[in-house]
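Before any comments, here is the structure.
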Amino acid sequence: MMRPVLLWWGSGALVVAVVLGVFVTWGGVGATAADVAWNTLMGDIRTPVLLDVAHVLDRLGGGWVAKYLIPLVVIAALLLARRWRAAVFAAATMLISVAVVQLLKSVFGRARPEDMLVLSDYGSFPSGHTANAATLATLAVVLFPRLWVLIVAVAWTLAMALSRTLVSVHWLSDTVGGMLVGVGVTLVLAGFALTWARSRGREPNLPGREPPR
């Protein structure tokens with residue numbers, strides 16, 4: 001019963017992300033009224049403290065930290081916990097999520113806000129930082145379904161999305177698209193492999209180690 005639910009919700013999230021991307025780019029809309037209003041609001045509420053937090057999240061959510069350090073830490077932690085299947089699942093999910101984000105960035109090629117405060121690469125939709133955060137958050141929830149994990153995951157994703165609009169490097173709809181991609185990719189893959197990923201499986205026999213009797 002869980003598998004079809006995960007597949008439907010994951011596929012639905014990805015479809016909505018694509019439709020949103022079409023609406024804000026190919027539809028000739030550009031920045032929607034909601035995007036402009038939110039961008040203006042973020043400019044009004046900026047404070048040095050909020051900007052400092054946003055810059056920290058900018059470094060955590062992108063660059064070598066997000067591409068290499070965080071995935072390696074997650075994989076290493078799962079391996080140390082003897083959850084090698086979960087480690088494989090997490091690695092595949094993070095890699096595919098990044099690939100989908102880069103594909104959509106290339107397809108839509110949306111321009112970023114003109115008043116952005118940090119340097120960023122090509123393509124505003126979807127937000128890669130937010131997608132990375134949503135992927136990691138959803139992975140945590142599906143692998144360790146606990147209420148506190150869900151609360152932390154939601155808070156982390158929303159904080160990252162807010163930080164991207166606070167420094168005007170993304171429109172609001174970009175962050176929504178990033179969340180949809182991160183959640184969608186993870187749920188689709190979970191629909192196929194979550195049962196396998198949650199089971200510990202049999203540990204391989206190492207040289208010099210006798211199998212349990």
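Observations
- In the condition set (1) without any contact (Cβ under 8 Å) to a residue 12 or more places away in the chain; (2) closer than 21 Å to Gly182 by Cα, Arg110 is compliant with all but (1).
- Leading residue by the ranking (least open to solvent (accessible area, probe 1.4 Å)) among those in region 57-83 that are more than 12 Å from His129 (Cα to Cα) and outside any helix (DSSP H, G or I): Arg83
- Set side by side, the residues Val98, Val19, Val29 differ, and just one is within 19 Å of Phe125 (Cα to Cα), among the β-branched types (Val, Ile, Thr), open to solvent by 40 Å² or more (accessible area, probe 1.4 Å) and modelled with pLDDT under 90, which is Val29.
- Looking only at region 101-110, and only at residues there that are over 14 Å from the mean Cα position of the chain (by Cα) and open to solvent by 70 Å² or more (accessible area, probe 1.4 Å), the one that is nearest to Thr186 (Cα to Cα): Leu103
- Single residue of Asp44, Asp35 found to be open to solvent by 60 Å² or more (accessible area, probe 1.4 Å), more than 18 Å from the chain's Cα centre (by Cα) and either at pLDDT 90 or above or under 21 Å from Ala161 (Cα atoms) (or both): Asp44
- Single residue of Ala54, Ala87 found to be free of Cβ contacts under 8 Å to residues at least 24 places away in the same chain, more than 14 Å from the chain's Cα centre (by Cα) and part of a helix (DSSP H, G or I): Ala87
- Of all residues assigned to region 50-59, none qualifies as being modelled with pLDDT under 90 and of a type in the set (Val, Ile, Thr).
Okay, residues lined up against (1) within 20 Å of Ala91 (Cβ to Cβ); (2) modelled with pLDDT under 95:
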position	(1), (2)
Val149	yes, no
Ala155	no, no
Val167	no, yes
Val183	yes, no
Leu187	yes, no
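- Flag if Thr25 is in contact with a helix residue (DSSP H, G or I) (Cβ under 7 Å, 6 or more places away or on another chain), assigned to a helix (DSSP H, G or I) and of a type outside the set (Phe, Trp, Tyr): yes
- Among the residues of region 119-139, some residue qualifies, meaning at least one is open to solvent by less than 10 Å² (accessible area, probe 1.4 Å), part of a loop (DSSP other than H, G, I, E, B) and more than 14 Å from Gly62 (Cβ to Cβ).
- For region 122-142, the criterion of being out of contact with any Ser or Thr (no Cβ under 8 Å at 6 or more places or on another chain), over 21 Å from Trp64 (Cα atoms) and of a type in the set (S, T, N, Q) is met by no residue.
- Selection over region 140-157 of residues that are outside any helix (DSSP H, G or I) and either touching a residue at least 24 places away in the same chain (Cβ under 8 Å) or closer than 18 Å to Val188 by Cα (or both) gives a count of 2.
- Yes/no for Trp8 being modelled with pLDDT of 90 or more and of a type in the set (A, V, I, L, M, F, W, C): yes
The values are calculated or read from the model by the stated rules, or taken from the named source; none is laboratory data. Worth saying up front: this structure is predicted, and the values here are computed from it rather than measured. In this analysis, Cβ positions are derived from the backbone assuming ideal geometry, glycine residues included, and neighbour counts consider all displayed protein chains. Only protein heavy atoms, including side chains, enter the accessible area calculation; ligands, DNA and RNA are left aside. Shrake-Rupley method; radii C 1.70, N 1.55, O 1.52, S 1.80 Å.
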